[in-house]
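Colleague: Let me begin by handing over the structure; questions about it come next.
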Amino acid sequence: MPLEHEPHVGGLIGVLIYTGDLKRLANFYENTLGMTPQSVKSHAVAFKWSNNTRITLATHSEVRGRSREPQRIMVNLATDDILAAHSALAAKGVAFIRKPEQEKWGGWVTTFSDPDGNILQLLQLPPE
């Protein structure tokens, strides 16, 4: 039986990051990055990221220690003041891989890792 319409796949509604140490990672996202937990369970913590988007941290039986290949994915977190955000996070002990820089397309980026070694990037979009 043919479909009446082609299904649409698009838009991001969440990112799931598995960890072997949920307490440590959730503490970083809450207390260092300033995210507010939306749902807390013994095996997962979900943070409302923006509108209907969430970052969820969860345990997984096959995940232990730091990320072995952190370059596989980079999570971009929006900020409206990258220089202030960089300074605030650096003051909390976050070690940056890349200092804040303006890209040729007008936006600003700065890159760091979470305690599991997952690469995160602050992204400030250019004015419209």
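The values are calculated or read from the model by the stated rules, or taken from the named source; none is laboratory data. For clarity, every value in this text was computed on a predicted model and none was experimentally measured. Positions of Cβ are generated from backbone atoms using ideal geometry, with glycine treated the same way; all protein chains shown enter the neighbour counts.
Colleague: In segment 95-117, what count of residues is obtained for those that are in a loop (DSSP other than H, G, I, E, B) and surrounded by fewer than 19 Cβ atoms within 10 Å (Cβ to Cβ)? I'd like the intermediate steps shown before the answer.
Modeller: Pass one, segment 95-117, residues in a loop (DSSP other than H, G, I, E, B): 95, 103-107, 114-117.
Subset that is surrounded by fewer than 19 Cβ atoms within 10 Å (Cβ to Cβ): 95, 103-107, 115, 117.
Residues that pass the stated criteria total 8.
Colleague: Please find, within segment 13-27, the residue that is modelled with the lowest pLDDT out of those that are of a type in the set (A, V, I, L, M) and more than 9 Å from T59 (Cα to Cα). Talk me through it step by step, then tell me what you get.
Modeller: Taking segment 13-27 first, the residues of a type in the set (A, V, I, L, M) are 13, 15-17, 22, 25-26.
Right, trim to more than 9 Å from T59 (Cα to Cα) and you get 13, 15-16, 25-26.
On the way: I13: 85, V15: 92, L16: 93, L25: 95, A26: 97.
The qualifying residue modelled with the lowest pLDDT is I13.
Colleague: Looking at the structure I just gave you, is L33 hydrophobic (A, V, I, L, M, F, W, C) and either more than 15 Å from the chain's Cα centre (by Cα) or more than 27 Å from A91 (Cβ to Cβ) (or both)? Working first, answer last.
Modeller: Working: hydrophobic (A, V, I, L, M, F, W, C): yes; either more than 15 Å from the chain's Cα centre (by Cα) or more than 27 Å from A91 (Cβ to Cβ) (or both): no.
Answer is no for this residue.
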